[in-house]
1. Scan region 163-179 and give yes if some residue there is in the same structural domain as VAL113 (by the TED database), within 23 Å of MET95 (Cβ to Cβ) and in contact with a Cys (Cβ under 8 Å, 6 or more places away or on another chain), otherwise no.
2. Name, by its number, the condition in (1) touching a helix residue (DSSP H, G or I) at 6+ places or on another chain (Cβ under 8 Å); (2) open to solvent by less than 40 Å² (accessible area, probe 1.4 Å) that does not hold for ASP389.
3. Inside region 338-347, can you point out the residues that are surrounded by 15 or more Cβ atoms within 10 Å (Cβ to Cβ) and more than 18 Å from VAL296 (Cα to Cα)?
4. Please indicate, with yes or no, whether at least one residue in region 83-94 is among the β-branched types (Val, Ile, Thr) and open to solvent by 10 Å² or more (accessible area, probe 1.4 Å).
5. Of all residues in region 348-379, how many are charged (D, E, K, R) and either open to solvent by less than 30 Å² (accessible area, probe 1.4 Å) or at pLDDT 95 or above (or both)?
6. Given the structure, is VAL123 of a type in the set (Val, Ile, Thr) and free of Cβ contacts under 8 Å to residues at least 12 places away in the same chain?
7. Can we say PRO428 is closer than 30 Å to ALA227 by Cβ and modelled with pLDDT under 95?
8. For the structure I just gave you, tell me whether GLY111 is open to solvent by 30 Å² or more (accessible area, probe 1.4 Å) and modelled with pLDDT of 95 or more.
Amino acid sequence: MEVNTHSNMLHKILCRQQKIAVLALLIFTAFYSAGAYDPLDPNGNITIKWDIVSWAADGYVAAVTMNNFQMYRHINAPGWTLGWSWAKKEVIWSMVGAQTTEQGDCSKFKGNVPHCCKKTPVVVDLLPGVPYNQQFSNCCKGGVLASWGQDPVGSVSAFQVSVGLAGTSNKTVKLPKNFTLLGPGPGYTCGPAKVVPSTVFLTPDRRRKTQALMTWNVTCTYSQFLASKNPTCCVSLSTFYNETITSCPTCACGCQHKHNCIKSGSKLLHKEGLNTPKKDNTPLLQCTYHMCPIRVHWHVKINYKDYWRVKVAVTNFNYRMNYTLWTLAVQHPNLNNVTQVFSFDYKPLVPYESINDTGMFYGMKFYNDLLMEAGPFGNVQSEVLMKKDKDTFTFKQGWAFPRKVYFNGDECQMPPPESYPFLPNSAPGGSSAVAKFTATLFLIVWFLL
C-alpha cells in the first residue's frame, strides 16, 4: 500500500514537472517568435516625437517627427499610417504636411469645423506635389521612409497638427495613447508615449537656440512574426567547384498563393493591368516551387590566391510589386575584408563593435535602386571581391555561404545545411560511409574468429 502511494506521488510530481517544462517552452517560443529584437540591428526602431511649439486658446500646436532608426528596414509605398487614441475629447483643428483618413462626426461645431473629430484618428502622409501652403518640412513623400543606414536624410517624415479641446499647459496636457503604426502593413508594435526633455531647435542662421514647450516620444519596433506568418524571401546557392545548385526549399514562403500564380510564358502576362498593385498588397506571383516573392542567389564564382569572388543576384517573382530603395543585409565572416563591390553600394553594419561580419548592399541611385516587378527586368545583380584571411578561409563545410540574409529587413529562408554544394573531396555522408565500412570490417572479423 505504501509503495503504491509513493508511486502515485512520484507520478504526479513527474506529470507536474512535464507540464511546467511544456509551459516554459511554449512561453519561450512565443516570446522568441514574436519578439521585436533583431540581432543584426539591435537598436533599430522608429521613434515618433511630438514637440509642442505653441499654446492655443483651447489646446496646442505640435510638430510630429517620425525618425526611422532602422539600418536596413524602410517603409515603402503606399507608405506609413499612424494612429492613436485621444486621452480626453480632443479634436484636430488643422494639419499641415499630413491628413487624417476620416473627419468623423463634427456636427456639434458651428462656424469653424475641425479637420478631424474622431476619438481614434488615423493619419497618412501627403503625396508629392501638393500646394506649397500644405507642405511641412520633411513631408509629402507619400509615406515612404528610407532606412537610416541607406539614406539618413530620407529616413525622416514630419507634419504639424493643431489640437483643440486639450490642455493648455504642461500640467493639463494629456498624452495620446494606444499608438499604432503600419509600414505599410502590420509588424510594428508601439510603446506608450513618454515625456522626455524638450527638443532644442537652431534658427536657420544657427545663431540662436529655441526649445519646444513640451516633448514626448513614442517608440515602435518591428517583428517579422507579426508582419507575416511565412518568410517573404528565400536563398539559393551555387559554386564553381560543384555543378549542384542548391535551390530554395519547396514552399519556402508558404504555398497559399500556389493556385493563383501565373506560369512563365502564360498568355495572362499580356493582360492589361497585370502589374497594378492591389490595395491590400496581395501579391501575384510567378509559379515556382518555393513560391517566394523574392529569391536571393549566392554564387561562389572564382577563387584567387589572395582573394575570392561572389556573385549576388536578387530576383523579383511578384508581378504586382516593384521595390524602390531595396536593401539586402548579409551576415558572413569574410565581410570584415570587402575589397570591392562592383554594381551595388555597400555599407558595413557593426552593431557589436568587436564583430564585423555584417554588411548592407543596396542599389546605386538612378542605376539599380529600383527592382522592377517580375519579368525580364525583375532582377539586380553584383559581384563582391573579398580578401582571404589565411587563418579562417575555407571552402569546406559551407563556410563560403552566408549565415543570414535579409531582404528589405525581413529574414530570408535559407536551405538546410546538408543540401549545400560540397567540395568534391568532402562529400556529405563521408562519416557515415566510414562508419559502414568499419561495421562491415567488424562483421567480417567476427565471422572469421
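1. The answer is yes; a qualifying residue exists.
2. ASP389 satisfies every listed condition except (2).
3. VAL338, LYS347
4. no
5. Residues meeting the conditions: 0.
6. no
7. no
8. It is false that GLY111 is open to solvent by 30 Å² or more (accessible area, probe 1.4 Å) and modelled with pLDDT of 95 or more.
The values are calculated or read from the model by the stated rules, or taken from the named source; none is laboratory data. If you're wondering where the values come from, they're calculated on a predicted model, not measured in any experiment. Reconstructed Cβ throughout: ideal geometry from the backbone, glycine too, with neighbour counts over all protein chains shown. With ligands, DNA and RNA removed, areas are computed over all heavy atoms of the protein, side chains included. Shrake-Rupley method; radii C 1.70, N 1.55, O 1.52, S 1.80 Å.
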